[in-house]
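Let me give you the structure first, and then I'll get to my questions.
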Amino acid sequence: MDRLPHLHQRFSTTFNPSRLLVLLLLAVSFAGEPFALQAQEPPPRFPNVLVITVDTLRTDRVSAYGYHRKTSPALDRLIQQGARFDEARCVEPLTGPSLASMLTSVHPHDHGATRNGLAVRPGLTSLGTVLGQRGYRTAALVSNWTLRSRLSGLDEHFEEYVEVFTRKRWFGLMNSEATAEDVTTEASQWIRDHAENQGRRPFLAWVHYVEPHAPYRLHEEQAERLRLGGGELSKSDRYDTEVGFVDQAIGELLATVEELYPKNRTVVVFASDHGENLGEHGYWGHGRHLWEENLRIPLSITWPGTIPPQVVRAPSTNLDIAPTVLGLIGLPIPEGFQGLDWTPILHGDQEQPLQRTTHHQAHRGAVHSPKDEDRARRKGLLEVAIVEGQRKEVLRIKGNDKHRAYDLSTDPGEQKNLVTQSSEASATLATWLGQVNEGLTAADNLPAPALDEESREQLRALGYLD
């Protein structure tokens, strides 16, 4: 830099416009060097990852999947930009077990959190731990009591674990959940803070919304938008207004991300934790049965510029989310992950595995009392199932109609049981039951549930304690 005064003296004796131009260029090259380097800085090696999950959302109530009511315009726009999975199912239709499987890519009997209120096995590898080791800032922002860190153990997998319990959704009970508006406010602020203070560091943010979980609150502005009419609305109609309400909040969250980052900088995963029976088979709720209404989930992965818009019609599960995200961004997939990496299929390099077999299990909702804590995992198993192509086979551990099978291609509502009285479970289903029982037995040495009286009341209100 000491050359600049010397150059000034040299050029000041005789005015020469061309030399003055050279001087100015040299001055800019020195004085503006940091700016020039910043302008040429390459983009981050890894994209951001935003995982959005919605509690209790049925696939057939999302308008991107063909529902006649436009319940989800924001989600529709997101889904249409990426890969829509039409045959996606959860591995267990309970919030805690399902989302633990989504993050760790192992089945519930392997991660240990088979019932709400049971924590995952310590030390597991997950999407959060892998990305954290690669320099990601990782955060979970959750709004369902069952996901509390002391109950689920999922805080181990994130740098920050934010419990958004700001409202009384359940008939005046203590603050145990948050509305979708509150979750979006918290998540948007977290992402803004990251963009302003973390520079080029990528983020993993998992954001979980509790709607449309029972009691299916009525959102009048959504009822008006959906033209549901006046008078007393059915529970099914109120459910639809909850879907519209959470969709609006998700749209605001996505708008924040798009404001702060180019579209190709963020992989967005959208899924629900499980579905919901709305009176089909005489059942309202989720968790205790493996009906399709409970198992089927909406699932999409969007990354503009990398994943072309497409529809995946092969069977998939939420075990596939973690390995697929890692595959898409070019990271090795941990050996223990049980899900499928869809990257080659999404890029068009492989055919869709249409004959894939998926495995499922159902457990009791939560541990009922301190005396039930002994062998809580083994005692809780209710059903196991496999889906092979369009054939579904279910075995209930106790009770009537223990063994059932359906052809989903001709009987999607599971009305005609193909099993005769003399039929035994197939070898595939029997093997699966054996693997589940073996895993539950091995989990006996895991810590007992950490249910205080407050947690028991919350889980009872959510319908997980009989």
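Could you count how many residues in region 335-357 are surrounded by 15 or more Cβ atoms within 10 Å (Cβ to Cβ) and outside any loop (DSSP other than H, G, I, E, B)?
Taking region 335-357 and keeping what is surrounded by 15 or more Cβ atoms within 10 Å (Cβ to Cβ), we get 337-343, 345-346, 352, 356.
Pick out the ones that are also outside any loop (DSSP other than H, G, I, E, B) and you get 343, 345-346.
The number of residues fulfilling the criteria is 3.
Any idea which residue in region 399-412 is most open to solvent (accessible area, probe 1.4 Å), counting only those that are at pLDDT below 95 and out of contact with any strand residue (DSSP E or B) (no Cβ under 8 Å at 6 or more places or on another chain)?
By that ranking, first place goes to Asn400.
Okay, moving on. Under 7 Å between Cβ atoms, which residue pairs at least 6 apart in sequence (or on different chains) link something in region 334-351 that is farther than 27 Å from Ala100 by Cβ with a partner that is surrounded by 11 or more Cβ atoms within 10 Å (Cβ to Cβ)?
Close Cβ pairs (under 7 Å, with a partner that is surrounded by 11 or more Cβ atoms within 10 Å (Cβ to Cβ)) amount to Gln350/Pro344.
Quick check on my filter: what residues within region 284-329 are polar (S, T, N, Q) and touching a strand residue (DSSP E or B) at 6+ places or on another chain (Cβ under 7 Å)?
Residues of region 284-329 that are polar (S, T, N, Q), as a first pass: 294, 300, 302, 306, 310, 316-318, 324.
Result: Asn294, Ser300, Thr302, Gln310, Ser316, Thr317, Asn318, Thr324.
Check Tyr216 against each of (1) open to solvent by less than 30 Å² (accessible area, probe 1.4 Å); (2) hydroxyl-bearing (Ser, Thr, Tyr); (3) more than 30 Å from Leu319 (Cβ to Cβ) and name the one condition it does not meet.
Answer for Tyr216: the failing condition is (3).
Return the residue satisfying two criteria in turn: it lies in region 131-162 and is farther than 18 Å from Glu177 by Cα and assigned to a helix (DSSP H, G or I), and of such residues it is farthest from the chain's Cα centre (by Cα).
Gln133
Please report, ordered by residue number, the helices (runs of 4 or more DSSP H) entirely within region 210-311 with at least 2 residues that are at pLDDT 95 or above and over 30 Å from Thr358 (Cα atoms).
Numbers: elements: 220-225, 235-260, 292-295.
Output list reads 220-225, 235-260.
Would you check which residues across region 58-76 are of a type outside the set (Gly, Ala, Ser) and free of Cβ contacts under 8 Å to residues at least 60 places away in the same chain and list them?
Within region 58-76, the subset of a type outside the set (Gly, Ala, Ser) is 58-62, 65, 67-71, 73, 75-76.
Within region 58-76, Tyr67, His68, Asp76 qualify.
Filtering region 267-284 down to residues that are on the phi < 0 side of the Ramachandran plot and out of contact with any Ser or Thr (no Cβ under 9 Å at 6 or more places or on another chain), which residue is surrounded by the most Cβ atoms within 10 Å (Cβ to Cβ)?
Asn277
Given region 1-93, what helices (runs of 4 or more DSSP H) lie entirely inside it while holding 1 or more residues that are at pLDDT below 50 and open to solvent by 20 Å² or more (accessible area, probe 1.4 Å)? So that I can check it myself, show each step before the final result.
Numbers: elements: 3-12, 17-31, 33-39, 73-80.
Fully inside region 1-93 and qualifying: 3-12, 17-31, 33-39.
Now for a separate question. Among the residues of region 312-334, is there at least one that is basic (Lys, Arg) and buried (at least 18 other Cβ atoms within 10 Å of the Cβ)? Break it down into steps so the answer makes sense when it comes.
Of the residues in region 312-334, the ones basic (Lys, Arg) are 313.
After this cut, where a residue has to be buried (at least 18 other Cβ atoms within 10 Å of the Cβ) as well, the list is none.
Among the residues of region 312-334, not one is basic (Lys, Arg) and buried (at least 18 other Cβ atoms within 10 Å of the Cβ), which makes the answer no.
Right, here's the next one. Can you tell me which residues in region 184-203 are under 17 Å from Asn264 (Cβ atoms) and not in a helix (DSSP H, G or I)? Outline the logic, then answer.
Of region 184-203, the ones under 17 Å from Asn264 (Cβ atoms) are 191, 195, 200, 202-203.
Scanning region 184-203 gives Arg200, Pro202, Phe203.
Leu173: in a loop (DSSP other than H, G, I, E, B), at pLDDT below 95 and either open to solvent by 50 Å² or more (accessible area, probe 1.4 Å) or out of contact with any strand residue (DSSP E or B) (no Cβ under 8 Å at 6 or more places or on another chain) (or both), yes or no? Reasoning before the result, please.
On the way: in a loop (DSSP other than H, G, I, E, B): yes; at pLDDT below 95: yes; either open to solvent by 50 Å² or more (accessible area, probe 1.4 Å) or out of contact with any strand residue (DSSP E or B) (no Cβ under 8 Å at 6 or more places or on another chain) (or both): yes.
For Leu173, the condition - in a loop (DSSP other than H, G, I, E, B), at pLDDT below 95 and either open to solvent by 50 Å² or more (accessible area, probe 1.4 Å) or out of contact with any strand residue (DSSP E or B) (no Cβ under 8 Å at 6 or more places or on another chain) (or both) - is met.
So if I check each of Leu103, Leu151, which one is touching a Leu at 6+ places or on another chain (Cβ under 9 Å), modelled with pLDDT of 95 or more and among the hydrophobic types (A, V, I, L, M, F, W, C)?
Details: Leu151 fails: modelled with pLDDT of 95 or more.
Matching residue, one of Leu103, Leu151: Leu103.
Name every residue in region 138-161 that is touching a strand residue (DSSP E or B) at 6+ places or on another chain (Cβ under 9 Å) and either of a type in the set (Gly, Ala, Ser) or surrounded by fewer than 20 Cβ atoms within 10 Å (Cβ to Cβ) (or both), in order of residue number. Steps first, answer last, please.
The first filter runs over region 138-161 and keeps only residues touching a strand residue (DSSP E or B) at 6+ places or on another chain (Cβ under 9 Å), leaving 138-149, 151-152, 154-155, 157-161.
Within region 138-161, Ala139, Ala140, Ser143, Ser149, Ser152, Asp155, Glu159, Glu160 qualify.
Assuming Gln415 fulfils every condition listed in (1) in a loop (DSSP other than H, G, I, E, B); (2) open to solvent by 80 Å² or more (accessible area, probe 1.4 Å); (3) modelled with pLDDT under 95 apart from one, which condition is it?
With respect to (1) in a loop (DSSP other than H, G, I, E, B); (2) open to solvent by 80 Å² or more (accessible area, probe 1.4 Å); (3) modelled with pLDDT under 95, Gln415 is out only on (3).
Checking Glu186 against (1) in contact with a strand residue (DSSP E or B) (Cβ under 6 Å, 6 or more places away or on another chain); (2) at pLDDT below 90, which single condition isn't satisfied?
(2)
The values are calculated or read from the model by the stated rules, or taken from the named source; none is laboratory data. Quick caveat, the model's predicted, so the values are computed rather than measured. Quick reminder, even Gly has a Cβ in these numbers, built from the backbone with ideal geometry, and neighbours come from all protein chains shown. In case anyone asks, the SASA skips ligands and DNA or RNA and just uses the protein heavy atoms, side chains included. Shrake-Rupley method; radii C 1.70, N 1.55, O 1.52, S 1.80 Å.
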